[in-house]
Each structure stands twice: as C-alpha cells, then as structure tokens.
Amino acid sequence: MTGPHDQKAQPVLRLSNITKRFGALTANDDVSFDLARGEVIALLGENGAGKTTLMNILFGQYTADAGTVEVFGEVLPPGNPRAALDAGVGMVHQHFTLAGNLTVWENIVLGTERLGALRLDAKAAKARIADLSRRFHLAVDPAAKVGRLTVGERQRVEILKALYREARILILDEPTAVLTPQESEALFKTLREAVGQGLSVVFISHKLHEVMAISDRTIVLRHGRLVAERATAETSREELAALMVGGKVSAPKIEARPAGPALLRLAGVSTKGEGRAPGLRAVDLTLHAGQITGLAGVSGNGQKALSDLISGLVAPASGQFEIVGEPVGDWSPRRALARGIGRIPEDRHRTGTIADFDLTENAVLETYAQDFARHGWMRWGAARAQAESLIATYDVRCPGPETRIRLLSGGNMQKLILGRVLETAPRIILANQPVRGLDIGAVNYVHGRLAEAREEGAAVLLISEDLDEIMTLSDVIHVMSEGRLSPGFTRGTMRAEALGQWMAGEGFGRVADAS
Amino acid sequence: MDIFEILTSAAFWAAAIRIASPLIFATMGELICERAGVLNLGIEGIMVAGAFAGWIAVYMGLPLWGGVAVAFATGMMLGALHGLLSVPFGLSQHVVGIGLTLLATSLTFYTYRVVLPEVSSPPKITAFQPYPIPGLSEIPGLGSAFFTQTPLTYAAFALVALVAFVLYRTPLGLAVRAAGESPAAVAAQGLSVTAIRMGAVIVGSGFMAVGGAFLTLSAFDSFFFDMVNGRGWICIALVVFGAWKPGKAMLGAILFAAFDALQIRLQQTPIGALVPYQLFLMMPYLLSILALVLMSRRAEVPAALMVPFNKGER
C-alpha cells in the first residue's frame, strides 16, 4: 500500500462541502475529503451517521442539496449513476444489487453494452471475467446462477462487476457484515491486490479492527458531520471508538460464574428445512440458568431453524426436547410463552412488531389475551398503563404510547420489544440478532439488560453473526453450519480464527466420527 | 371416430395450431411484461380492443396487414396507459390491470355502436387465407397441418423465436430480465428501470392486441361481442405454465389448443350424445389447471414481479 502523502498532489476523488437533508434530518452536513491514488480510506461511523448516504451521493443515487463530487479533476453531474460509472467509480452496496435468476456473467455484463446492440458476446465476456477473477483472487464460476451462490461469492460478483467496468475507485459499503473471518481476510487480500494495481478504495465500516487492518486513513462521521480525520497508523481503536460515539464507550462487564441448572435441553433434535434453508441436523444443546449461550455462524446455516424451534413456530421432527426436565408435547408459540420462553425476534420490523399498530398494542401483543382482557373484552386502560411503564422503565424515546411503532428508530423499537420480553420474567430468553442495525448506545443498553437477566438466573441464547458480540457476551459458544451444531466452547477457550473454521463447516465431520 | 383417430388426423392438428395462434401472441405479450416485473391484467381488454381495432380498420378499407398494425398500435396505447399508472406512479398492478380490462372492453363496445349504429349483425371482411408453404406443406402426415396456415399463424411462431432471442441473446433482453428480478441492480448500472418497464408493457400490450386481432382477421372474418371469451386469462396461466420461458409457454398454448380442438371433436362422437356438451367445454380448462399444478411448482417467478420500483427509496 502506498502512503497517502506522496501523491497528495492529484486526488482521484474529491468531495467538497456535501450537504444532504431528508426532511428535518440532515444526513450529511458540509462533508469534504480527498482520496489519493492507491489509498484506502475507511469511512467510520455508527448506523445513521451518514456514511451510506454520502456514498450514494458520490455514486449518483441521491442528489446532494449542496456540494460537488470531483473524480480525476472532473465534476460529476449530480444524480447520475451512469456518469459515476463512466468516470471510474464502482460501488459494492451493502445490500447487493444482483438479479438472482441471471447467471454471474449476465449480472456482470448488465448495462455495459448498448441496449440496441443485436448480440451479446458471451464468450468474450466470460473470458474477461475469468481473467479478472485470476488477477484479483476472486474465484467464482461465471456460468453459475447468482441465486445459488453464497453471500461471499455474491460479494465477489459485485466486486467483479466494478472491475469489469474498469473502476479506478472502489467503494465498499459494510463489505464484511455478511462474511466469515476467513472470507473477510480473502476480501482484504483482494483489496490489497487492487490497491497494488493503482486502484483507490473507500471502505465503509463500523468495525474498528477492520478499519485498523485495512486502511491508510480513517475518516469519522458522526450525525452527518465529519468529526475527525486520522492517519490510521497514528491512531488507536480506543480513540476511534470515542470519536465515533462522541464520548467514552462502556460495554457491559460479564463476570465468569458457575452455570446453574439446565433449563432447556435438545438431544439429537432434527427439524425439517424450509425451502433452501436447512433444518436442524441432530442438534445437542443445553441452556443453563445464569448463562449466556452464544450461537455463531454465517446467516442461513440453521439459526432460523433453531430459533423457530425454541420460539414454538416449528416442532421437532425427531429427537428429544425438554424444558426444565419436562419433555415438550404439542409445541406452539403460545405454549413456548407459557413455558417461560421470552423471544426477541430476528426481524424487529416484520415479526417483532406490527408497524402500523401503536406502542400500546405492540406492548401487549404477546400477553393481551391473558393479562389485558376480561370476558373477551380488551382492557385498554391496563394495556396503556403497561405501555407507559415499559416506555419509562426501558427508556423508549417516543412521543407517547399512541405513537405508531413504525415511526420509532430501530433502537427504541428494540427497547420496547426487550421490555415486553423482560417484564414477563422469562426463564429462557431467545435473543436472535438483538442488536443488528443499532447504534453503539442502544447496543450497550440491550447487552446490559441481557447481562442483567443472566445475573437474575435466566438462560439466554444469543444468536448473532457478529463474532465480537458473541465472544464478548457468551459464557458458552456454539457454532452452526448447515444445520449442524458444534460442541460448546467455554469463554476464553476459542480464538476467532478457530470459530471461523467451524463457521466454514470444518470440524463437524471429525466430531461425528469420534462419537 | 375414436380418440386415436382424432389425434392422428391432420385436420385436428391444423385446428390446434390455429386455436393456439392468438394465445401465442398474447402469451408472448404477457411474458414480456412479466419478465420486466409488471403483471398486465389488462390483457383481456386489450385483446378485445385489438380484435375490434384490426377488424374495423380492414372494414374501413385498410389492407389486412394494415389492420394488424392498427391493432398493434391500439395495444401499445392501452399498454402506455397501464405502464404510466403502474410504473412511474407505482399503483397496484392488479387494480390497474382489471380497470384497464373493463375500460378497454367497454370502450370497444361503445365505439362499435358509434361506428356501426344501424347494424344488427356485424359485417364480414375478407380474412387472411391459408398459405401453404411450398415443400413443407407437402410433407406426408402432419405437414399439411402445420404448414397450411394463415401468414398470421406463421408470424405467431416467428414471434416466439424473436422473443426468445431478444430475451436471452441481447443486452436489451438482459436488462428486461434484470428489471423483473432486481430493479435495484438495473438502476445501479445507470439504466432506467422506468423506461425498461414502460417499454416492455407497451410492446407486450401491442402483441396482446395482435392476439385479439387474430380472431377477427384470421380465425373468423367478423367481430362479435364476447369473442375473446377469457382467452386473456388463459394466457396469464400459460405464462406461469411456461415458467416465464417463451418456448415452454408456446408448448403450453399448443397443449391447451389441442385440448380445445379435441373437446369439439369429442362432442360429435357417440359419447358426446350421452354427456352434456358443457362438460366437454370445461375439459381444456380442467386439464390446464391440472397441467399448471404439475408443471409450475418449481418455476422461478421473477422476484420483482408486481413490485413497484421507486428510485432513491431506501
């Protein structure tokens, strides 16, 4: 990697005084920076800090209210992705923009040929793609349907798409959010290769260790403003974290302690898969009182199956399933609630809440029939009191209980869900991706509450794709891969790389052979 | 005459191909729309309008191919209305489509009354005549069935090849397929999803109208109310049956047409005298539903079908 300073003379990219408002919200406030040839800039900030908006402006998907974007000295016309592409800007979006029913090469070629052209030269396109895959270590089969690829492979297709268009500037929006540690390492290798060949990279992230590993320079955004710019070699994770949140960060402390009695036990449990998603394959799992059990794994490897099983949506096809020593019979969400299982669902918008219901209605969604109804009539007064109490106790920032929940931010929505679960004092808490998409303040709040529930003797199952989160909070860690569950590893006995190997599916065979 | 005799007769297959032709036109039209992500339920009304427009144009003195062109243009205009409401305005495609069918049907009947106020039975035109293809039509067996058809039938089959070629072998087809699967991917390449979808709906609707015109200009020689008679809805099912692939959809159209030709002939057999004829009329639909259930379970629906796309929305 070349340092930023020797080629400062001619920036490949210059953002000047970019401002963008969405209604009352100022997403970007007078942001300016330069990118040099062969440089990697990390754009660091919490969710909602304006990173993605800024890059969407650069790429022409949004039009800025003020400010200009210059690429190789030329001002880009605003709101025109085509112009950005033609100028050599390639963007890999956080949510991939790929068509699943098209093949890899078709996705890559899309938009590169004149629409009036009479033929597509498939052969030449595939040859060029093969050449690029070799040069940049991006292994992928050009003839495969994108819908059948893994997330890591899809990301490679996205990068190939940019390289195929001869991008000189690569923008990657949260590229590692969906990757295993090994896949992330491979991505970094590709990026280093690209930089070595003269490309420049903007790397958007909120993961500090990645920023430290890959970037030459770090730019920190907070509430839409550029608050700091540091040469990465001259800063530290602690400083960047403080800059990012605008103050000291306090993550909950988890003290090691002996495990309580087993509250939930799965022995050799299998479930039927759902479409292409795998079911569980002979899973053994025990959740103990007073422990947080972390479940790591790349998404789509059976986490949903396990979460559906525990929350009552799916019954086991075979194997034993006991709660506090009693086998579960007929299994349903209602029975799961009755047996003391509290659920924080993976998707707070779709299954956690009903968007157009108000906070009162959402607060009593799980208990309205038992606790807030009499003789078949709703007791709205009691329900409202409950909602007010949750709002106060769990610090839900909102205009009031009659607000429709869709108007709340993700963090406040999650606090309400958390309150709804914890108020019933559940013995077992299923927390599926409880902090996905939340900012650090809300993350620490949710983690703190889960840690408290652990102190009070609940068994917590924490499902997450974020290894850092799993490793910080969990007393025991399991890894899922293709519906199989690894043995439990106690706190401090496993390194991220080793867990990553399990996430990639290694090790399961040996266990099966040994048993 | 037993079933085997029917199935091996040239007359039976000639009828099946003839009945399939309008379905093929309209199915290709619908397939283009749906591949771009727009369900066009205006198809039934567009076929009625096309049937009338083509016929009245010829009645007024245009040549037959002029009538086809007028029908195509009529379909494109109705398609533009559907596209405008469903693509840039992003309205519910179901509501827009059904509304368009009602509008186009009523407008057609109204125009008919305005243009021909005094007429009790609709006038006839000279329709397309069968054109035996030299050589091919003389192939013994079924050669005469397939190659003694009207030029419009040949055009229907040529259209299938054309649609397949454009969809799978040209950059334009790639963009259309991508627009129906992941409009965001199209927009990210700086292409206009709106333009691609509008274009697909307009051209697709044009072909639907030609499907309607086949009835008045080739199958029959006049225009009747209710002559389209649900063919549009059948075409919607044929697109699903064909798993959004032109060749398979064409085979579906021929299969359905063969059932239809078969039931007409079965009515004239000894069994036909015993069973109410309505039962035979029902048969093609029943068999279609059965085939649909068997064939389309694993079909890959365009992922963005019926999903409006708004640029700049998160």
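The values are calculated or read from the model by the stated rules, or taken from the named source; none is laboratory data. Nothing here was measured: the structure is a model prediction, and the numbers come from that model. Counting neighbours? That spans all protein chains shown, and the Cβs are built from the backbone with ideal geometry, glycine included. Ligands, DNA and RNA are excluded from the accessible area calculation, which covers all protein heavy atoms including side chains. Shrake-Rupley method; radii C 1.70, N 1.55, O 1.52, S 1.80 Å.
Given B:PHE241, B:PHE224, B:PHE207, B:PHE214, which one is under 27 Å from B:LEU78 (Cβ atoms) and out of contact with any helix residue (DSSP H, G or I) (no Cβ under 7 Å at 6 or more places or on another chain)?
B:PHE224
So A:MET244 passes all but one of these: (1) buried (at least 22 other Cβ atoms within 10 Å of the Cβ); (2) within 30 Å of B:ALA178 (Cβ to Cβ). Which condition number does it fail?
Of everything listed in (1) buried (at least 22 other Cβ atoms within 10 Å of the Cβ); (2) within 30 Å of B:ALA178 (Cβ to Cβ), A:MET244 misses just condition (2).
Of B:PHE259, B:PHE220, B:PHE280, B:PHE214, which residue is open to solvent by 60 Å² or more (accessible area, probe 1.4 Å), among the aromatic types (Phe, Trp, Tyr) and more than 14 Å from every other protein chain (Cβ to nearest Cβ)?
B:PHE220
Among the residues of region A:69-84, count how many are surrounded by fewer than 23 Cβ atoms within 10 Å (Cβ to Cβ) and either facing chain B (nearest Cβ under 10 Å) or in a loop (DSSP other than H, G, I, E, B) (or both).
The number of residues fulfilling the criteria is 10.
In region A:221-241, is there at least one residue being modelled with pLDDT under 95, touching a Gly at 6+ places or on another chain (Cβ under 7 Å) and open to solvent by 10 Å² or more (accessible area, probe 1.4 Å)?
Yes: region A:221-241 contains one or more residues that are modelled with pLDDT under 95, touching a Gly at 6+ places or on another chain (Cβ under 7 Å) and open to solvent by 10 Å² or more (accessible area, probe 1.4 Å).
Would region B:135-146 turn up any residue that is surrounded by fewer than 18 Cβ atoms within 10 Å (Cβ to Cβ), away from chain A (no Cβ under 11 Å) and under 20 Å from the mean Cα position of the chain (by Cα)?
No: zero hits.
Kindly provide the set of residues from region A:457-478 that are outside any helix (DSSP H, G or I), under 17 Å from the mean Cα position of the chain (by Cα) and touching a residue at least 40 places away in the same chain (Cβ under 8 Å), ordered by number.
A:LEU462, A:ILE463, A:SER464, A:GLU465
Mind checking whether some residue in region A:4-13 is surrounded by fewer than 16 Cβ atoms within 10 Å (Cβ to Cβ) and in contact with a helix residue (DSSP H, G or I) (Cβ under 6 Å, 6 or more places away or on another chain)?
No, because not a single residue in region A:4-13 is surrounded by fewer than 16 Cβ atoms within 10 Å (Cβ to Cβ) and in contact with a helix residue (DSSP H, G or I) (Cβ under 6 Å, 6 or more places away or on another chain).
If you scan region A:94-125, which residues turn out to be in contact with a strand residue (DSSP E or B) (Cβ under 8 Å, 6 or more places away or on another chain) and either at the interface with chain B (Cβ under 7 Å from one of its Cβ atoms) or of a type in the set (D, E, K, R) (or both)?
A:GLY100, A:ASN101, A:LEU102
Which one of these does B:VAL203 not meet: (1) part of a helix (DSSP H, G or I); (2) under 30 Å from A:VAL92 (Cβ atoms)?
Status for B:VAL203: all satisfied but (2).
Name the single residue, out of those in region A:266-285 being open to solvent by 40 Å² or more (accessible area, probe 1.4 Å) and without any contact (Cβ under 8 Å) to a residue 60 or more places away in the chain, that is farthest from the chain's Cα centre (by Cα).
Among those residues, the one meeting the criterion is A:LYS272.
Within the group A:LEU295, A:LEU280, A:LEU313, A:LEU306, which residue is part of a strand (DSSP E or B) and either assigned by TED's automatic domain parsing to the domain that holds A:GLY488 or over 19 Å from A:LEU337 (Cα atoms) (or both)?
A:LEU295
Please go through region A:113-145 and give me each residue that is open to solvent by less than 50 Å² (accessible area, probe 1.4 Å) and touching a residue at least 12 places away in the same chain (Cβ under 8 Å), ordered by number.
A:ALA122, A:ALA125, A:ILE129, A:ALA130, A:LEU132, A:SER133, A:PHE136, A:LEU138, A:VAL140, A:PRO142, A:ALA144, listed by residue number.
Here is a list: B:PHE109, B:PHE4. Which entry is part of a helix (DSSP H, G or I), among the aromatic types (Phe, Trp, Tyr), in contact (Cβ under 8 Å) with a residue 12 or more places away in the chain and surrounded by fewer than 18 Cβ atoms within 10 Å (Cβ to Cβ)?
Checking each option against the conditions leaves just B:PHE109.
Of the conditions (1) closer than 24 Å to A:THR286 by Cβ; (2) open to solvent by 20 Å² or more (accessible area, probe 1.4 Å); (3) of a type in the set (Gly, Ala, Ser), A:ALA392 fails just one. Which one is it?
Checking A:ALA392 against (1) closer than 24 Å to A:THR286 by Cβ; (2) open to solvent by 20 Å² or more (accessible area, probe 1.4 Å); (3) of a type in the set (Gly, Ala, Ser), the one that fails is (1).
From the residues in region B:195-209 that are crowded, with 24+ Cβ neighbours inside 10 Å and in contact with a Leu (Cβ under 8 Å, 6 or more places away or on another chain), which one is nearest to the other protein chains (Cβ to nearest Cβ)?
B:GLY204
Which one of these is at pLDDT below 85 and of a type in the set (A, V, I, L, M): A:ILE470, A:ILE428, A:ILE477, A:ILE440?
Going through A:ILE470, A:ILE428, A:ILE477, A:ILE440 in turn, the sole match is A:ILE440.
Residue by residue through region A:326-365, note down the ones that are assigned to a helix (DSSP H, G or I), open to solvent by 30 Å² or more (accessible area, probe 1.4 Å) and more than 17 Å from A:ILE391 (Cα to Cα).
A:PRO333, A:ARG334, A:ARG335, A:LEU337, A:ALA338, A:HIS349, A:ARG350, A:THR351
Going by the conditions given, is A:GLU46 in contact (Cβ under 8 Å) with a residue 24 or more places away in the chain, in the same structural domain as A:VAL201 (by TED's automatic domain parsing) and of a type outside the set (Phe, Trp, Tyr)?
Yes: the conditions hold for A:GLU46.
How many residues, within region B:166-194, are more than 9 Å from chain A (Cβ to nearest Cβ), part of a helix (DSSP H, G or I) and either without any contact (Cβ under 8 Å) to a residue 12 or more places away in the chain or closer than 16 Å to B:GLY42 by Cβ (or both)?
Residues flagged as more than 9 Å from chain A (Cβ to nearest Cβ), part of a helix (DSSP H, G or I) and either without any contact (Cβ under 8 Å) to a residue 12 or more places away in the chain or closer than 16 Å to B:GLY42 by Cβ (or both) within region B:166-194 amount to 1.
Can you confirm whether region B:299-308 contains a residue that is more than 14 Å from chain A (Cβ to nearest Cβ), open to solvent by 30 Å² or more (accessible area, probe 1.4 Å), within 30 Å of B:SER182 (Cβ to Cβ) and modelled with pLDDT of 85 or more?
Yes, region B:299-308 contains a residue that is more than 14 Å from chain A (Cβ to nearest Cβ), open to solvent by 30 Å² or more (accessible area, probe 1.4 Å), within 30 Å of B:SER182 (Cβ to Cβ) and modelled with pLDDT of 85 or more.
Looking at A:ARG420, A:ARG454, can you tell me which residue is assigned to a helix (DSSP H, G or I), touching an Asp or Glu at 6+ places or on another chain (Cβ under 9 Å), among the basic types (Lys, Arg) and open to solvent by less than 10 Å² (accessible area, probe 1.4 Å)?
A:ARG454
For region A:17-51, what are the residues that are surrounded by 22 or more Cβ atoms within 10 Å (Cβ to Cβ) and within 14 Å of chain B (Cβ to nearest Cβ)?
Passing the criteria: A:LYS20, A:ALA27, A:GLY50, A:LYS51.
Touching a residue at least 40 places away in the same chain (Cβ under 8 Å), aliphatic (A, V, I, L, M) and more than 14 Å from chain A (Cβ to nearest Cβ), is that true of B:VAL163?
In short, yes.
Can you name the residue in region A:128-156 that is within 14 Å of chain B (Cβ to nearest Cβ) and among the basic types (Lys, Arg) and is also farthest from A:GLU174 (Cα to Cα) among such residues?
So the residue we want is A:LYS145.
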